[in-house]
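The values are calculated or read from the model by the stated rules, or taken from the named source; none is laboratory data. Predicted model only: the values in this text are computed from it and were never measured. Note: ideal-geometry Cβ built from the backbone for every residue, glycine included; neighbour counts use all protein chains shown.
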Amino acid sequence: MNRNTVIRGLMAVVLTLPLAACAAQNSAIPSAGKATATKSAHWSYLGDTGPDKWATLDTQNAACANGTEQSPIDIELSQLKVDKELSTFETNYKPTSFTLMNNGHTIQANDASGSNTITVEGKVYTFVQLHFHKPSENQINGKTFDMEMHLVHKNSEGNLAVLGVLIKSGSENKQLAEMFSKLPKEETKEDLKLDQVIDLNALLPQDKKAFRYKGSLTTPPCSEGVDWTVLEEPIELSEEQIQSFGAIFSDNHRPVQPLNGRTVATQ
Ligand SMILES: [Zn+2]
């Protein structure tokens, strides 16, 4: 093995590791290298390792308890700050090949192409992965939806922008048909390659009315500084598709967190 091969091998490991880590570690933002190098303490959505214990499991998770801008939140429509000057978010998505993983906390679809971007407040973020929560994490007027999809984007400075799409039971979602027929039941060591390309634009609802707020990762280490955009109109998955996810993760949501004076903005 010559030096170049070694370097290429190392690069492959570096590039692969964050995608193989859990949704939270993956993002892990400013300290991405550090967070992926150390294996974080086991956490879950229930009991001794559940959301109200996350901060006690690892000192790196301190923000889960003492953070002041945490996600998810309940979006109260009567409390919105209406701002006609607020820039809309813009997506630049194209049909993309995805690989699928079960990271032990959710099902995550990874995109290594780097060819999908979103622009929020004039900043461009590259799409990295999408994953699901059941039931929804963010709420609208106290209402929880059947599921929520998070599209995670990262900019060149390592900051995250998450697009949250609420999901309700309804028609079969054709864009997600292949993915939901192949959901890995056990934690995966290697990603599963999906045959069909997915156009993220086709996954979004028609109405792009959005709620914007400053929040955090909804999984340990609950890092803040995440730019959240939650769409008001939910998309649909069939009851069968929802149940196929629920058979693997019956409940993988973090409860809503206090606003602590934050405003949620809309156009
Ligand atoms: Zn999420």
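Take SER223 and tell me if it is out of contact with any Gly (no Cβ under 6 Å at 6 or more places or on another chain), within 30 Å of LEU57 (Cα to Cα) and at pLDDT 95 or above.
On the way: out of contact with any Gly (no Cβ under 6 Å at 6 or more places or on another chain): yes; within 30 Å of LEU57 (Cα to Cα): yes; at pLDDT 95 or above: yes.
It is true that SER223 is out of contact with any Gly (no Cβ under 6 Å at 6 or more places or on another chain), within 30 Å of LEU57 (Cα to Cα) and at pLDDT 95 or above.
Which of the residues spanning segment 195-211 are more than 24 Å from LYS81 (Cβ to Cβ) and among the aliphatic types (A, V, I, L, M)? Talk me through it step by step, then tell me what you get.
First, the residues of segment 195-211 that are more than 24 Å from LYS81 (Cβ to Cβ): 195-203, 206.
The answer is VAL197, ILE198, LEU200, ALA202, LEU203.
What tally of residues in segment 101-125 results from selecting those that are among the aliphatic types (A, V, I, L, M) and within 16 Å of the ligand (Cβ to nearest atom)?
Initial filter on segment 101-125 (among the aliphatic types (A, V, I, L, M)): 101, 107, 109, 112, 118, 120, 124.
Add one more test, that the residue is within 16 Å of the ligand (Cβ to nearest atom), and what stays is 101, 107, 109, 118.
Of the residues in that region, 4 qualify.
Only one residue in PRO255, PRO205 is part of a loop (DSSP other than H, G, I, E, B) and under 25 Å from ALA63 (Cα atoms), so which one is that?
PRO255
So, ALA32, is that one within 16 Å of the ligand (Cβ to nearest atom), surrounded by 13 or more Cβ atoms within 10 Å (Cβ to Cβ), at pLDDT below 95 and not aromatic (Phe, Trp, Tyr) or not? Give the steps one after another, and end with the answer.
On the way: within 16 Å of the ligand (Cβ to nearest atom): no; surrounded by 13 or more Cβ atoms within 10 Å (Cβ to Cβ): yes; at pLDDT below 95: yes; not aromatic (Phe, Trp, Tyr): yes.
Spelling it out, it is not the case that ALA32 is within 16 Å of the ligand (Cβ to nearest atom), surrounded by 13 or more Cβ atoms within 10 Å (Cβ to Cβ), at pLDDT below 95 and not aromatic (Phe, Trp, Tyr).
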Exercise. Could we say that ASP199 is closer than 18 Å to GLN108 by Cα, crowded, with 16+ Cβ neighbours inside 10 Å, away from the ligand (no atom under 16 Å from the Cβ) and of a type in the set (Asp, Glu) here?
Worked result: no
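Filter segment 90-108 for residues that are part of a strand (DSSP E or B) and either modelled with pLDDT under 95 or of a type outside the set (A, V, I, L, M) (or both) and give the result.
In the first step, residues of segment 90-108 are kept if they are part of a strand (DSSP E or B); the result is 90-92, 96, 99-102, 107-108.
Correct list: GLU90, THR91, ASN92, THR96, THR99, ASN102, GLN108.
If you go through segment 181-194 one residue at a time, do you hit one that is modelled with pLDDT of 95 or more and part of a helix (DSSP H, G or I)? Talk me through it step by step, then tell me what you get.
Quick first cut of segment 181-194, residues modelled with pLDDT of 95 or more only: 181-194.
From what's left, part of a helix (DSSP H, G or I): 181.
Yes, segment 181-194 contains a residue that is modelled with pLDDT of 95 or more and part of a helix (DSSP H, G or I).
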Problem set entry | Test: GLU157 is more than 16 Å from the ligand (Cβ to nearest atom), surrounded by fewer than 22 Cβ atoms within 10 Å (Cβ to Cβ) and part of a loop (DSSP other than H, G, I, E, B) | yes
Seminar exercise, completed: Taking segment 213-252 and keeping residues aliphatic (A, V, I, L, M), under 30 Å from THR68 (Cβ atoms) and not in a strand (DSSP E or B) leaves LEU217
Exercise. What are the residue pairs meeting all of these: first residue in segment 196-210, first residue under 14 Å from LEU176 (Cα atoms), second residue part of a helix (DSSP H, G or I), Cβ atoms under 9 Å, and 6 or more apart or on different chains?
Worked result: GLN196/ALA177; GLN196/GLU178; GLN196/MET179; ILE198/GLU178; ILE198/MET179
Seminar exercise, completed: Within segment 126-153, residues crowded, with 22+ Cβ neighbours inside 10 Å and more than 12 Å from the ligand (Cβ to nearest atom) come out as PHE127, HIS153
